[in-house]
Amino acid sequence: MTARIIDGKALADAVRLDVARRVQELKQQGIVPGLAVVLVGEDPASQVYVRNKAAACEKAGLYSRVIRLDADITEAALLDQVDQLNQDDRVHGILVQLPLPRHMDAAKVIEAIDARKDVDGFHVSNAGLLMTGQPLFRPCTPYGIMKMLESEEVSLWGAEAVIVGASNIVGKPMAMLMLAKGATVTLCNSKTRDLGAQTRRADVLVVATGKPGIVTGDMIKPGAVVIDVGINRTEQGKLVGDVDYPSAREVAGAITPVPGGVGPMTIAMLLVNTLEAAERSVVATPVA
Ligand code: GUN
């Protein structure tokens with residue numbers, strides 16, 4: 001069997017088109033949805049991500065602001081910057097690009113973001129709301145994956161979902177979203193014994209570890225849906241995922257490519273979250 005390739009780029013384009021239409025509607029009410037992205041330091045991968053996020057915003061008609069700060073800025077100065085953005089009515093979404101320099105406490109910085117502007121969905125309030133089944137913002141990568149599964153008509157009801165990688169950004173919120181759709185969820189981590197025994201049970205397998213090739217074809221159940229969140233650059237400069245694509249493609253029923261799979265969907269869902277934050281701000285405005 002050769003797997004069907006899930007085209008994340010095409011789906012992301014469709015989502016972005018829909019966002020652009022809704023942005024125009026909102027503009028007619030005098031609101032321009034705005035996203036502020038804060039980048040501390042010069043991590044090369046983060047610079048590319050931030051550039052892509054800003055470009056996607058502008059293309060969809062959102063207001064975008066990128067705040068670049070030196071790597072040696074103090075935590076207090078960053079918290080002050082976040083507070084200014086919390087107060088700024090033109091900014092509906094705030095994203096502090098991770099990772100932060102080592103001298104900063106990322107959890108403290110995320111907690112400083114107004115939860116109503118936390119378009120990453122990383123604030124403890126938003127994590128708690130997601131966990132209790134009343135999400136305000138869903139973290140963008142797992143949210144994008146849910147959209148892809150929906151568009152591929154993959155039913156999670158009663159399915160075995162296995163997630164490799166238990167980060168706050170992907171694995172944990174992914175587990176909550178899949179659980180809410182009726183999947184039996186297994187969340188694996190770096191200590192999991194016999195990873196293949198877990199992954200081979202999966203009807204839907206999500207891999208988000210940052211370790212290229214950690215999942216190979218022999219670890220996949222024939223016909224499974226495989227979602228590869230990894231973006232790794234090889235020594236030859238090629239982009240590869242966490243899944244060994246050539247061997248996985250021969251076994252899986254459907255698979256996301258890298259690039260062109262999950263990555264474009266993450267950015268598209270960031271636009272959705274920012275738009276919805278702006279839409280909620282209209283509803284929240286008291287009438288005179
Ligand atoms: N670094 C890697 N992925 C993300 C993300 O989704 N949001 C933020 N803020 N930083 C990241």
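The values are calculated or read from the model by the stated rules, or taken from the named source; none is laboratory data. Since the model is a prediction, treat every value here as computed from it, not as a measurement. Every residue, glycine among them, receives a Cβ derived from its backbone with ideal geometry; neighbour counts consider all protein chains shown.
Okay, residues lined up against (1) farther than 28 Å from Asn126 by Cβ; (2) surrounded by fewer than 24 Cβ atoms within 10 Å (Cβ to Cβ):
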| site | (1), (2) |
| --- | --- |
| Gly217 | yes, yes |
| Ile227 | no, no |
| Asp244 | yes, yes |
| Arg249 | yes, yes |
| Ala268 | no, no |
| Val282 | no, yes |
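When residues in the range 263-288 are screened for being at pLDDT 95 or above and away from the ligand (no atom under 11 Å from the Cβ), 12 of them pass. Among residues of the range 169-191 that are closer than 15 Å to Gly210 by Cβ, those with a Cβ under 9 angstrom from a residue that is more than 16 Å from the ligand (Cβ to nearest atom) and part of a helix (DSSP H, G or I), sequence gap 6+ or separate chain, pair up as Cys188/Leu195; Cys188/Gln198; Cys188/Thr199. Given the condition surrounded by 21 or more Cβ atoms within 10 Å (Cβ to Cβ) and farther than 17 Å from Asn273 by Cβ, answer yes or no: does some residue in the range 150-157 qualify? Within the range 150-157, one or more residues are surrounded by 21 or more Cβ atoms within 10 Å (Cβ to Cβ) and farther than 17 Å from Asn273 by Cβ.
Any residue at all in the range 225-244 that's aliphatic (A, V, I, L, M), touching a Pro at 6+ places or on another chain (Cβ under 6 Å) and within 28 Å of Val119 (Cβ to Cβ)? Yes, the conditions are met somewhere in the range 225-244. Among all positions in the range 46-58, there is no residue which is at positive phi and surrounded by 20 or more Cβ atoms within 10 Å (Cβ to Cβ).
Criterion applied to Gly230, Gly237, Gly213 was being within 17 Å of Pro259 (Cβ to Cβ), among the small types (Gly, Ala, Ser) and touching a strand residue (DSSP E or B) at 6+ places or on another chain (Cβ under 7 Å), and the one residue passing it is Gly230.
The set of residues from the range 94-108 being over 13 Å from the mean Cα position of the chain (by Cα) and either within 10 Å of the ligand (Cβ to nearest atom) or within 28 Å of Val185 (Cβ to Cβ) (or both) comprises Ile94, Val96, Pro99, Leu100, Ala106, Ala107. If the condition is being assigned to a helix (DSSP H, G or I) and within 14 Å of Ala268 (Cα to Cα), then the range 52-82 contributes Asn52, Lys53, Ala54, Ala55, Ala56, Cys57, Glu58, Lys59. Close contacts from the range 251-271, counting a first residue that is without any contact (Cβ under 8 Å) to a residue 40 or more places away in the chain and β-branched (Val, Ile, Thr) and a second that is in a helix (DSSP H, G or I) and away from the ligand (no atom under 15 Å from the Cβ), with Cβ to Cβ under 8 Å and a gap of 6+ residues or different chains, come to Val258/Tyr245.
Only one entry in Leu26, Leu130 is away from the ligand (no atom under 16 Å from the Cβ), under 22 Å from Glu279 (Cβ atoms) and in contact with a Pro (Cβ under 8 Å, 6 or more places away or on another chain), namely Leu26.
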